[in-house]
Amino acid sequence: MRRSFQNAKRVEIKLYVKSYLTVQKNRTYIMNRKAVKKCSEKCCKTSEKRPLIHSITNFVTVNDCANILLACGASPIMADDEREAAEITSACDGLCINIGTLSSRTIPSMLAAGKKANELCHPVVLDPVGVGASHFRTDTAFKLLNNIHFSVIRGNISEIKTLALGTGSAKGVDADIADCFTEETLDKAVAFAKSFSEKTGSVIAITGKTDIVADKDRAFVIRNGNDMMSLVTGTGCQLSSLTAAFIAANQNDILTAAASAVSAMGLAGETAFGRLSPLDGNASYRNYIIDAVCNMTPQGLEEGAKYEMR
């Protein structure tokens, strides 16, 4: 019954340009809370189909990544064999590369898909999971950066610092506490993100307790989310997939689309936490996050997004 209702909600989804992607009955809108009037004037249809997102991701979170894409109105395809990676990417609207369970077999697939996406001007997201934890992982991340232009690079502060500085102190896939920024050091973190964006030509999304999404000139500082999200494996991976969908539907404003994805995921975490009963734990919480993305409305995100510009 619920599945039929959700499928009905997403019939003939339409995509519009300007700022954030979220699903409501029969259409998907992109909006900006600070410029609703301008967006309503400039809003235009970009596609009458769901954005098809090619994900080369890790086997720990692949199912959740597929489901978060479906929840936001996109469509997932997972293909990591070199013999078809470029061909699959050619048929898609966006690409997400995640190195969480990196292997020598998938690296050529990532390179082939990324180069094909660049050739076709498709947006590409890099999630450098755990970069800095091993030489193999770090060397691979730099190989990807040197061969592929990424529209968005999303990671925790330790992962982004490793990519920017060449070395890092990642503790597995989690950020090192020594790397984390505070309100007192927030301005420096914003400047760091802008500088790395200028160097790479990518939007940089640093996610954690407070999120920073920046290009070389502007930065969103986002304060959505809940601490319990850290107890669910793969919320970052899901966010990278969500970001790929948002930017695929809004290629004219990658920065705002990426920031909107980060706000949406954080707001979903808040909504899901509010739904927990005394008997619910992190497994229920994971499902409630996906539900929250599926049921999110433009008005709900507009009212619930907590951000400032710097």
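Has the range 265-281 got any residue that is in contact with a strand residue (DSSP E or B) (Cβ under 9 Å, 6 or more places away or on another chain) and not aliphatic (A, V, I, L, M)? Yes - at least one qualifying residue is present in the range 265-281.
Condition first: modelled with pLDDT of 95 or more, surrounded by fewer than 21 Cβ atoms within 10 Å (Cβ to Cβ), closer than 24 Å to Leu163 by Cα and within 17 Å of the chain's Cα centre (by Cα). Can you find one or more residues in the range 130-151 that meet it? Yes, the range 130-151 has at least one match. Taken over the range 277-293, the residue count meeting the criterion of being in contact (Cβ under 8 Å) with a residue 40 or more places away in the chain and either in contact with a Leu (Cβ under 8 Å, 6 or more places away or on another chain) or farther than 20 Å from Phe246 by Cα (or both) is 4. Pairing each residue of the range 85-97 that is crowded, with 24+ Cβ neighbours inside 10 Å with any residue that is of a type in the set (Lys, Arg), provided the two are 6+ apart or on different chains, yields C-beta distances under 8 Å for Ala85/Lys116; Thr89/Lys116.
Does the range 220-239 contain at least one residue that is small (Gly, Ala, Ser) and over 19 Å from Tyr285 (Cα atoms)? Checked against the condition, which is being small (Gly, Ala, Ser) and over 19 Å from Tyr285 (Cα atoms), the range 220-239 yields no hits at all.
Table: residues versus (1) buried (at least 17 other Cβ atoms within 10 Å of the Cβ); (2) touching a residue at least 40 places away in the same chain (Cβ under 8 Å); (3) touching a Lys or Arg at 6+ places or on another chain (Cβ under 8 Å); (4) not polar (S, T, N, Q).
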{"position": "Gln238", "(1), (2), (3), (4)": "yes, yes, no, no"}
{"position": "Ser241", "(1), (2), (3), (4)": "yes, yes, no, no"}
{"position": "Thr256", "(1), (2), (3), (4)": "yes, yes, yes, no"}
{"position": "Ala261", "(1), (2), (3), (4)": "yes, yes, no, yes"}
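Applying the set (1) without any contact (Cβ under 8 Å) to a residue 40 or more places away in the chain; (2) surrounded by fewer than 16 Cβ atoms within 10 Å (Cβ to Cβ); (3) of a type in the set (Val, Ile, Thr) to Ile107 leaves exactly one unmet item: (2). On the stretch given as the range 186-212, residues that are part of a helix (DSSP H, G or I) and in contact with a helix residue (DSSP H, G or I) (Cβ under 6 Å, 6 or more places away or on another chain) total 1.
The values are calculated or read from the model by the stated rules, or taken from the named source; none is laboratory data. What you see is a predicted model, and the numbers here were worked out from it, not measured in a lab. Here Cβ is always computed from backbone atoms with ideal geometry, including for glycine, and neighbour counts include all displayed protein chains.
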